[in-house]
Amino acid sequence: MTAIASDTLGIRPMTEDDVDWVVAQERLLHDFPWTRGNFIDSLAAGYAARLLLIDGKPAGYAIMLSVIDEVHLLNISVIQDRQGQGVGSGFLLRLMNEARHLGARQCFLEVRPSNEAALKVYKRHGFASIGRRKGYYPSQNGAREDAIVMRLDL
Ligand SMILES: CC(C)(COP(=O)(O)OP(=O)(O)OC[C@H]1O[C@@H](n2cnc3c(N)ncnc32)[C@H](O)[C@@H]1OP(=O)(O)O)[C@@H](O)C(=O)NCCC(=O)NCCS
């Protein structure tokens, strides 16, 4: 698949007008999607909610929570048609740059061990595994899946 040139990627704040699109994508991209309310609450709470643009068209979204000198990457998603082209990688790079500018010293996130694409992107950018939360996520077969907790020094 063709890699997307990094200079075609843009980022802008997510607004309430974007939420219908974001929720529709979220349902396609996640087995256990965030609800509309989760996104609206994130915006209302002032989380860093971002829309990723490719040539000006929405191609992904992310939510980050800033706490003093830490950020928590709560959601990063790239639309299906644009996956596997380096877009997630470019998006993460931009989000981490923004976090640095906000004064963050480290970033934390949780990821399913089965989410190989996400793990690959996080490791590529220097995130290291620092622990596991047992049975953190629901999973399709009714069992629970652990979360790998990862940290990046910014
Ligand atoms: C995780 C996600 C953001 C990555 O975005 P992306 O644009 O596909 O990322 P990139 O193209 O930069 O890199 C993905 C890498 O994983 C690889 N990959 C994709 N699917 C894979 C799989 N099933 N197993 C192993 N590697 C896989 C790709 O080949 C690529 O590696 P490469 O650059 O060495 O070829 C995207 O897959 C996504 O939105 N997934 C659904 C939502 C999600 O799980 N978000 C993260 C948790 S909130």
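The values are calculated or read from the model by the stated rules, or taken from the named source; none is laboratory data. In this text, all values refer to a predicted model and were calculated from it rather than measured experimentally. Positions of Cβ are backbone-derived with ideal geometry, glycine not excepted, and every protein chain shown enters the neighbour counts. Surface areas here come from the heavy atoms of the whole protein model, side chains and all, with no ligands, DNA or RNA. Shrake-Rupley method; radii C 1.70, N 1.55, O 1.52, S 1.80 Å.
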statement: Of all strands (runs of 3 or more DSSP E) fully inside region 102-154, the set with 1 or more residues that are over 17 Å from the mean Cα position of the chain (by Cα) and surrounded by 13 or more Cβ atoms within 10 Å (Cβ to Cβ) is 128-138, 144-153
query: When ILE79 is evaluated against the numbered criteria (1) near the ligand (Cβ under 8 Å from one of its atoms); (2) crowded, with 17+ Cβ neighbours inside 10 Å; (3) within 24 Å of TYR136 (Cβ to Cβ), which criterion, by number, is the only one it fails?
result: (3)
- prompt: Only one residue in VAL22, VAL71 is in a helix (DSSP H, G or I), open to solvent by less than 10 Å² (accessible area, probe 1.4 Å) and β-branched (Val, Ile, Thr), so which one is that?
  reply: VAL22
- request: Quick one: which residue in GLY131, GLY135, GLY56 is farther than 27 Å from TRP21 by Cα, at pLDDT below 95 and either more than 16 Å from the ligand (Cβ to nearest atom) or in contact with a helix residue (DSSP H, G or I) (Cβ under 7 Å, 6 or more places away or on another chain) (or both)?
  value: GLY135
- prompt: So which residues in region 82-101 are touching a strand residue (DSSP E or B) at 6+ places or on another chain (Cβ under 9 Å), open to solvent by less than 70 Å² (accessible area, probe 1.4 Å) and within 13 Å of the ligand (Cβ to nearest atom), if there are any at all?
  reply: GLN85, VAL87, GLY88, GLY90, PHE91, LEU92, ARG94, LEU95
Residues of region 25-37 classified as surrounded by fewer than 16 Cβ atoms within 10 Å (Cβ to Cβ), part of a helix (DSSP H, G or I) and within 13 Å of the ligand (Cβ to nearest atom), total: 2
